[in-house]
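All remarks here apply to the structure that follows.
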Amino acid sequence: MNILITGATSGIGKQLAEKYLAQHNQVICCGRNEEALQKLRNKYGKQVTTYCFDITDYEAVQLQLAEIHDLDLAILNAGTCEYLDMPEFDAQSYQRVLTTNVQGVANCLEAVIPKIKPNGRLALVGSSASYLPLPRAEAYGASKAAIEYLAKTLMITLKPYDIQVSLVCPGFVKTPLTDQNDFPMPMRINADKAADYIISGLAKGKAEIHFPRRFTGILKLLSKLPFSLQRPIISGLVSRH
């Protein structure tokens, strides 16, 4: 397969790239870390193509990805996370998260969708944080709720063009990004296991891939409750040490 992955230099994206390359796929790895991209080129040679750019830079995204073609699978994985501390609402932090996680994905979608082959697949990496309003996740949760809505809409609007869409909703995954968190992360798994879940789900053509299911199942169950019942439970779910 010919596969494109954004955020391929760290965390889940890096593990996805390594695993798909190990399966002898052609993989287009996109990221901001040129040193990490060079290591992939050194290890896999012509099997890997790399592009170094920031997904928030519209012109760079369009320019860099203009030459790609015939994608079997595109995984838009790149993203960021910052938490807010009430009652001090940080508008700049909010903007940074939304710019990367929402507009950055949109920039990639414009470049990538026309390059996906008929019967190809597009995967957007959201988060199980979109299932419930979680403390301190005003920015991150809002951005991932937008991705969930976007992915589900694309499932409908791209179907006539023979492009399948998957939404990926991880729970807590150990990555350099989550290593910065200062609160408990129940049922956290490593990025290697997360990549296995994603690869398996995409191979099965799942519209929604969420994991670990024991954790995401709890969130989905709570999401069915009236908000008046959700609120006292959620308030104690994620808190600082």
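Quick notes on this structure:
- With Cα atoms, 0 to 90° folded angle of helix 11-22 axis to the chain main axis: 30 degrees
- Residue-span extension gain [residue 231 to residue 47] - 0.36 nm each, minus C-alpha spacing: 61.3 nm
- Here the label points at residue 85 and residue 208, each 7 Å from Cα along the C-beta direction, are separated by 3.4 nm in the simple model.
- Placing unit charges on the Cβ atoms only, positive for Lys and Arg and negative for Asp and Glu, gives the stretch 2-235 a dipole magnitude near 1000 debye about its Cα centre.
- Helix axis angle, 191-203 relative to the chain longest principal axis, alpha carbon, degrees: 70 degrees
- Annotation: the antiparallel percentage among DSSP beta bridges lying fully within the chain is about 5.
- Given the alternatives (i) 56, 43, 37; (ii) 53, 38, 31; (iii) 61, 42, 35, Cα extents along the principal axes in Å as computed for this entry is given by (ii).
- Residue by residue, the stretch 46-59 carries 3J(HN,Hα) couplings of 5, 6, 10, 10, 10, 9, 10, 6, 9, 5, 7, 8, 4, 4 Hz when phi is fed to the Karplus relation 6.51 cos²θ - 1.76 cosθ + 1.60 (θ = phi - 60°); x denotes Gly or Pro.
- Measuring r between the beta carbons of residue 39 and residue 64 and using R0 = 25 Å, the FRET efficiency lands at 0.85.
- Here is how the number arises for the chain: DSSP H runs of 4 or more residues each give -39500 (n - 2.57), the sum is divided by the residue count, and the result at 222 nm is -12500 deg cm²/dmol.
- Of all lysines in the structure, those lying under 28 Å Cα to Cα from residue 43, and not within fewer than 8 positions of it along the same chain, are 14, 19, 115, 117, 174, 193.
- Look at the alpha carbon pairs under 8 Å that are at least 6 residues apart: their mean separation over the length of the stretch 48-190 gives a relative contact order of 25 percent.
- Using only side-chain charges placed at the Cβ, +1 for Lys and Arg and -1 for Asp and Glu, the dipole size of the stretch 39-153 relative to its Cα centre rounds to 640 debye.
- Applying both filters, DSSP loop and at most 12 other Cβ atoms within 10 Å, to the chymotrypsin sites (Phe, Trp or Tyr not before Pro) of the stretch 72-154 gives 89.
- Label-to-label distance for residue 96 and residue 192 is 3.1 nm, based on points extended 7 Å past Cα in the beta-carbon direction.
- Angle in degrees between helix 138-157 and the longest Cα principal axis of the chain, rounded to the nearest 10: 50 degrees
- Other residues within the sphere of radius under 14 Å centred on the Cβ of residue 89, judged by their own Cβ, net out at -3 (K and R +1, D and E -1).
- With Cα atoms defining each centre, the stretch 57-85 and the stretch 120-176 are spaced 14 Å apart in the structure.
Laboratory data are not the source of any read-out in this text; all were calculated from the coordinates shown. Since we're looking at a predicted model, the values are computed, not measured. All Cβ positions, glycine included, derive from the backbone under ideal geometry; neighbour counts span all protein chains shown.
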